[in-house]
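Novice: Handing you a structure now.
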Amino acid sequence: MARMSPADHLSGVKAPVLILHESGDPYIASWESEWLAREMPPSSKVDVTLTSVLEHVELRTPPPTPTNIWRFYLPEGWKLFSFIYKTFAEARV
């Protein structure tokens with residue numbers, strides 16, 4: 001596991017880093033992504049988006065009831081759209 005960890009290679013990262021992570025991922029805790037963002041060199045551009053729209057790596061789609069649309073789909077959809085927008089914006093640079 002230590003060889004797979006990015007911890008020893010963070011100083012070499014020059015590109016902007018965008019991280020999308022499920023806030024309740026049962027396999028990899030979201031604090032791992034938050035830690036990774038904090039450990040990046042101070043000059044790095046890092047953005048972490050925590051979302052509930054994923055179940056580990058698959059899209060989560062509760063029934064489209066009026067309550068779910070207002071409380072889940074709109075806020076989580078906005079987070080996902082913003083993440084995708086930032087990804088394309090960084091690719092244009």
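Every number in this text was worked out from the coordinates using simple rules, so none of it is lab data. Just so we're clear, the structure is a prediction, and the values are computed from it rather than from any experiment. Don't worry about glycine lacking a Cβ; one is built from the backbone with ideal geometry, like all the others, and counts go over all protein chains shown.
Novice: Got a sec? How would Ser23, Ser30 order by Cβ neighbour count within 10 Å, fewest to most?
Specialist: The most exposed by this proxy come first: Ser23, Ser30.
Novice: Can you give the charge dipole size of the chain about its Cα centre, rounded to the nearest 20 debye, using +1 on the beta carbon of Lys and Arg and -1 on the beta carbon of Asp and Glu?
Specialist: With only Lys, Arg, Asp and Glu charged at Cβ, the dipole is about 320 debye.
Novice: Just to confirm the number: angle between the C-alpha axis of helix 74-92 and the first principal axis of the chain, 0 to 90 degrees, nearest 10?
Specialist: The helix 74-92 is inclined about 40 degrees to the chain.
Novice: Going by how many other beta carbons lie within 10 Å of each one, how would you line up Arg92, Arg71, fewest first?
Specialist: Ordered by Cβ neighbours within 10 Å, fewest first: Arg92, Arg71.
Novice: So if we plug the beta-carbon distance of Ser5 and Ser52 into 1/(1 + (r/R0)^6) with R0 = 22 Å, what FRET efficiency do we get, rounded to 0.05?
Specialist: 0.25
Novice: What value, in deg cm²/dmol to 500, does the helix sum -39500 (n - 2.57) over DSSP H runs of n ≥ 4 give at 222 nm once divided by the residues of the chain?
Specialist: Helices in the chain give a 222 nm mean residue ellipticity of -10000 deg cm²/dmol.
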